[in-house]
Amino acid sequence: LLYSIGAVTLFLGTLPLFLSKEYYEKANFSSKGLFKKIFYKNRRGELISYSSYAVESIISFIIWPIFLITILLTVQKTGLIVTLSFISSLIALYFIGKLTDKFDRVKLFRFSTLFFALGWFGRIFAKSTLKILIIDSYKNFAQIFLQIPWAAHSSDLAIKEGYFNFVV
């Protein structure tokens, strides 16, 4: 039943893509120019940022749940802890979005990086259900605090450079 609901939701979520008008943007690039552009000196920060995000996502979505299941011993208990920590971090989403609108996105991003790193460090001490709930809630909050300014800054860069060129 859950799988069916998820599949229907995903299908319904794609419908607006078929109903919207398509816009095309011409861009000239070569594979040589692409690799040259990626490794520009002034792009090193972006390269490190996006690469780190990819590594963190893999650990967060694959390795961390396996670790939780081995500590908590049941999938149900793991699901409960992850759901509670996720719900608590959703509340912060609204407020952090407002902060991002008011303050410099790059400064918020740099400031929140410290809190995010502390969340990963705290995971070392996750050995009981309560500690996992507290640490996972903190880490989810710190992740939202990091990702909203990061995404807003990335959007600003994409607007400045052109969406297609930025993505490629």
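The values are calculated or read from the model by the stated rules, or taken from the named source; none is laboratory data. Because the structure is a prediction, the values reported are computed rather than measured. As a convention, Cβ positions derive from the backbone with ideal geometry for all residues, glycine included, and neighbour counts pool all protein chains shown. Note: areas computed on protein heavy atoms with side chains; ligands, DNA, RNA excluded. Shrake-Rupley method; radii C 1.70, N 1.55, O 1.52, S 1.80 Å.
Tabulated data for the structure shown
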item: Packing-based ranking, highest mean first, of 105-114, 62-71 given that Cβ atoms within 10 Å are counted; result: 105-114, 62-71
item: Residues of the chain: accessible area per residue with a 1.4 Å probe, Å²; result: 74
item: Sites Leu84 and Tyr163 - FRET efficiency at Förster radius 41 Å, r taken between beta-carbons, to 0.05; result: 0.65
item: Theoretical gain in end-to-end length, Val75 to Lys26 [0.36 nm per residue, Cα-Cα removed]; result: 12.8 nm
item: Sorted largest first, extent of region 1-84 alpha carbons per principal axis (Å); result: 52, 38, 20
item: Loop-located GluC sites (Glu not before Pro) in region 1-61 whose Cβ has at most 13 other Cβ within 10 Å (DSSP); result: Glu22, Glu25
item: Surface share of carbon and sulfur [accessible, 1.4 angstrom probe, percent] for the chain; result: 73
item: Pair-distance profile P(r), taking every C-alpha pair of the chain, with 5 angstrom steps and integer %; result: 1, 7, 12, 15, 15, 15, 15, 11, 6, 3, 1
item: Helical contribution to [θ] at 222 nm, DSSP H n ≥ 4, -39,500 (n - 2.57), averaged over the chain, rounded to 500; result: -26500 deg cm²/dmol
item: 0 to 90° range, to nearest 10: angle between helix 44-58 axis and the chain longest Cα axis; result: 40
